[in-house]
1. Would you point out the residue of the stretch 59-82, among those that are part of a strand (DSSP E or B) and touching a Lys or Arg at 6+ places or on another chain (Cβ under 8 Å), that is nearest to Leu172 (Cα to Cα)?
2. How many residues does the stretch 86-123 hold that are charged (D, E, K, R) and either assigned to a helix (DSSP H, G or I) or touching a Ser or Thr at 6+ places or on another chain (Cβ under 7 Å) (or both)?
3. For Ser169, all conditions in the list (1) assigned to a loop (DSSP other than H, G, I, E, B); (2) among the hydroxyl-bearing types (Ser, Thr, Tyr); (3) within 15 Å of Ile105 (Cβ to Cβ) hold save one; what is the number of the exception?
4. Looking at Ile147, Ile157, Ile122, Ile192, which one is over 13 Å from Ile3 (Cβ atoms), surrounded by 17 or more Cβ atoms within 10 Å (Cβ to Cβ) and at pLDDT 95 or above?
5. In this structure, is Asp142 surrounded by fewer than 22 Cβ atoms within 10 Å (Cβ to Cβ) and closer than 24 Å to His48 by Cα?
6. Just name the residue that is nearest to Asp112 (Cα to Cα) out of those in the stretch 124-156 that are of a type in the set (Gly, Ala, Ser) and in a helix (DSSP H, G or I).
7. Just checking, does the stretch 64-73 include any residue being of a type in the set (S, T, N, Q) and under 29 Å from Pro33 (Cβ atoms)?
8. Hey, can you tell me all the residues within the stretch 129-138 that are free of Cβ contacts under 8 Å to residues at least 60 places away in the same chain and surrounded by fewer than 21 Cβ atoms within 10 Å (Cβ to Cβ)?
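The values are calculated or read from the model by the stated rules, or taken from the named source; none is laboratory data. In this text, all values refer to a predicted model and were calculated from it rather than measured experimentally. Cβ: placed from backbone, ideal geometry, glycine included. Neighbour counts: every protein chain shown.
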Amino acid sequence: MKIKWFGHSCFLLTSDNGIRILTDPFNEQVGYPLPETRADIVTTSHDHYDHDNVEIIKGSYKHIKGIGDFTYDNITIRGVSTFHDEMGGAKRGKNTVFIYSIDDITICHLGDLGHALSQEQIKEIGKVDVLLVPIGGVYTIDGNTAIEVIKLLKPRISIPMHYKTEHLSFELDGLDSFLSKISGKRANCNEIVLNKDSLSEYSEILALDYL
């Protein structure tokens, strides 16, 4: 399978048989070039402009939002309820964490998670091979809490997202701050190709490029 990062929290997950899943597409206000892609499935973690711009997707697709279990072809997707802040959603509402099982690899997209995970949520998420984790603070968990979440979920690979770059139009903590606290590697590409056997070939913390 392939994982491609378009910036912010938007990834394209492509299975070996060509099924395409797009996560949290953003609009032009965010600052990154808009993804120009087709998708079979689009998941949105919550209804904010930097995560739910499904109108840009070409062709027909299935839009998945909210909690529950979903199946498409041989892919399974689970939505787990969390919050967009540390006050039980009082400030910014709910957030859905999505877990995708694709080609025997489990990917977890934390969306705009705003708090440390509870033991119940960790159990519901289950085993994770690849974690897509926000690190920028302000609207999500910051780097310190992201490291706590990584230690609890124990993924083989963690890919940071939702942080300040030269393209992002609003202020968040940057990648350097996060990497100063945990050993990781910057990839000089926006896409990686994975299978069950190749997971160990990548750094445990892998920051993709978005260009």
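1. That would be Thr82.
2. 5
3. (3)
4. Result of the check over Ile147, Ile157, Ile122, Ile192: Ile147.
5. yes
6. Ala146
7. no
8. Scanning the stretch 129-138 gives a single hit, Val138.
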